[in-house]
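In what follows, a single structure is set out as structure tokens and then discussed.
Every number in this text was worked out from the coordinates using simple rules, so none of it is lab data. Remember, it's a predicted structure, so these values are computed and weren't measured experimentally. When we count neighbours, we look across all protein chains shown, and the Cβ atoms used for this are built from the backbone with ideal geometry, even at glycine.
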Amino acid sequence: MKPEVTYRFSELPLDGRAMRVADGVYWVRMPLPFALNHINLWLLEDGDGWTMVDTGIGGEKVRDLWESVFASTLEGKPVTRILVTHFHPDHMGQAGWMTGRWKAPIWMTQAEWLYARHQHSSDPAGRFEAAEIFYRRAGVPEAQIPALLQRFGRYREGVEPIPASYRRIFGGDEIRIGNRVWTIIIGEGHCPEHACLACPEDKLLISGDIVLPRISPNVSLFPQEPDGDPLSRYLACLDRFAHLPEDTLVLPSHDTPFTGLHARIENLRQHHRHRLDIILDACAKQPQTGLSVMKAMFTRELDSLQLGFAIGEALAHLNLLWREGRLIREAGPDGVDLYRLA
């Protein structure tokens, strides 16, 4: 029997302060303006400097808090490397400011850096047409679509301008940070090429958004790849953590550090199996749309941001079943996709 998740810290870092969680590893917690109201960021002692893992969302409030952290924690040593796990605003948001502040390079996987640059520099209006078609096919009423489109034009609001160059990292890379060697493990499904950092020798894992202790990472279908299969990629990538010790201290991007990595991974697998069963049961009764499946999966009240995530999650689960041949997808006379048992 695998040990269950155990939270290792009863206290949280104070605003503008860093809290030591392991030798040379410090936990910083920054606010977010969402229902998920915080993000965990990490400072790693690195010889004569510091490596930062993720940066927080853009804006003056977080910058001011970072300045307090720098004054109280860095002991006069500079940040010499900014490693960003993935392109989402709560992780990437301050990276551009940090590079200017510290003259330090950004280290990222290629897909995440390119995606960040594209999201920040392209005209969001160009993505609206594909998104409108995407939501109509899912069965979303016309009156609800404009609110869902807003999420596709807000990336710049939470992300400072992104530098034109970066240092590319790959899965399997071994990066020496201070006295430790961290190995890059690539997570998929939540985003294209998420970088996690593992140090098996010291039983440490910076898991980013791939393994969270209480909530499941959002694994969504998006308009730019309507026939994609992100859920299969997510479930497959969880195997890449199997070699890590059971008592690894997991440092997630949300909630608090924990042990019980393999139990949590099994819980995440069970969570998605349960959702797939819900969909199959619904489709056995009558053909379903993306919207009707979303309502079966998420019974609570959702705001427009959460609704967009929820529809994306429902479609990701439907596409897995469709691509495996367990569901048939057919367009109805109104252009809405209908899913039925094969």
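From largest to smallest, what semi-axes in whole angstrom does the stretch 6-280 give when each is the square root of 5 times an eigenvalue of its alpha carbon gyration tensor?
Numbers: eigenvalues 180, 113, 57 Å².
Semi-axes (√(5λ), whole Å): 30, 24, 17.
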Query raised in the report: Which of the trypsin sites (Lys or Arg not before Pro) across the stretch 136-200 are loop residues per DSSP, with 14 or fewer other Cβ within 10 Å?
Result: ARG154
Query raised in the report: Relative to the longest principal axis of the chain, what angle (0 to 90°, nearest 10) does the C-alpha long axis of helix 261-285 take?
Result: 10
Query raised in the report: Residue-wise, which Karplus ³J(HN,Hα) couplings in Hz belong to the stretch 127-133, taking 6.51 cos²θ - 1.76 cosθ + 1.60, θ = phi - 60°, and x for glycine or proline?
Result: 9, 5, 4, 5, 5, 4, 4
Query - Nonlocal amide H pairs with LEU327, under 5 Å, H built at 1.01 Å - result: TRP322, ALA342
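Filter the GluC sites (Glu not before Pro) in the stretch 262-331 down to the DSSP loop ones having no more than 11 other Cβ atoms within 10 Å, then list what survives.
Counting only loop positions with at most 11 other Cβ atoms within 10 Å, the GluC sites (Glu not before Pro) in the stretch 262-331 are GLU301.
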Query raised in the report: In the stretch 145-185, which chymotrypsin sites (Phe, Trp or Tyr not before Pro) fall in coil by DSSP and have 16 or fewer other Cβ atoms within 10 Å?
Result: PHE170
Report task. Kindly count the pairs of lysines across the chain whose alpha carbons are less than 28 Å apart, treating pairs on different chains or eight or more residues apart as eligible. Result -> 6
Query raised in the report: Short version: ³J(HN,Hα) in whole Hz for each residue of the stretch 179-184, in order, from phi by Karplus 6.51 cos²θ - 1.76 cosθ + 1.60 (θ = phi - 60°), x for Gly and Pro, what are they?
Result: 8, 10, 10, 9, 9, 7
Requested in this report: Per residue of the stretch 53-62, in order, report the coupling 6.51 cos²θ - 1.76 cosθ + 1.60 (Karplus, θ = phi - 60°) as ³J(HN,Hα) in whole Hz, putting x for Gly and Pro.
Outcome: 10, 6, 10, x, 6, x, x, 5, 4, 5
